Structure formats: structure tokens, C-alpha cells
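The values are calculated or read from the model by the stated rules, or taken from the named source; none is laboratory data. On a predicted model such as this, the values are computed, not experimentally measured, just so you know. With ideal geometry, Cβ positions are generated from the backbone for all residues, glycine too; neighbour counts draw on all protein chains shown.
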Amino acid sequence: MLVVYLDDSKIVYDRSLEYFQTAADWAKAQCQSFVDYHVQDVSDVSMMFDHVAEYRFKDSKDVLMFQLKWKTN
């Protein structure tokens with residue numbers, strides 16, 4: 001399983017969950033090997049992020065395509 005993480009560092013707090021859902025919907029439509037995603041609230045332990053999302057794929061080509069589209073760091 002290949003994993004990509006997205007964080008909410010450049011997203012307004014109220015929009016982060018919507019942003020992660022939009023990325024998951026895009027992955028579902030564009031990446032055949034997309035498995036699922038999970039958003040974790042990390043606000044209690046992180047000074048930088050409120051949420052972190054984990055996206056899981058089976059194929060490295062889909063990971064690369066997803067990262068090119070959604071990875072901002």
C-alpha cells in the first residue's frame with residue numbers, strides 16, 4: 001500500500017475537510033488504484049496543523065499523479 005499525506009497548512013480551517021473530500025473525489029475519478037482516505041484531527045498534538053489526511057493507493061503511477069495535482073509542499 002502506498003500512502004500520500006496532505007495537511008491543512010495552507011487552507012482556512014473551515015474549508016479543510018471539504019478540501020480533503022474534493023481531493024478524494026478527484027482521486028476516485030482519476031486514479032484506478034485509489035483505495036480510500038482518512039482524515040485525522042491532530043489539533044491537540046500539533047502546533048502547525050488541525051487536520052492531516054492520508055490517501056492510500058495501490059499503484060505508484062497514481063500516487064505520482066495525485067501528488068502532482070494536490071501536493072502543495
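Filtered by the rule that a residue be touching a residue at least 12 places away in the same chain (Cβ under 8 Å) and in a strand (DSSP E or B), segment 12-53 gives F34, V35, D36, Y37, H38, V39, Q40, H51, V52, A53.
Would you mind stating whether V3 is touching a residue at least 24 places away in the same chain (Cβ under 8 Å), of a type in the set (A, V, I, L, M) and loosely packed, with under 13 Cβ neighbours inside 10 Å? Taking the combined requirement at face value, the residue satisfies it.
Yes/no per residue for (1) modelled with pLDDT under 95; (2) of a type outside the set (F, W, Y); (3) on the phi < 0 side of the Ramachandran plot:
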{"residue": "Q32", "(1), (2), (3)": "no, yes, yes"}
{"residue": "S46", "(1), (2), (3)": "yes, yes, yes"}
{"residue": "Y55", "(1), (2), (3)": "no, no, yes"}
{"residue": "K61", "(1), (2), (3)": "no, yes, yes"}
{"residue": "Q67", "(1), (2), (3)": "no, yes, yes"}
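Filter segment 56-73 for residues that are farther than 9 Å from L2 by Cβ and not basic (K, R); which is surrounded by the most Cβ atoms within 10 Å (Cβ to Cβ)? Out of the qualifying residues, it is F66.
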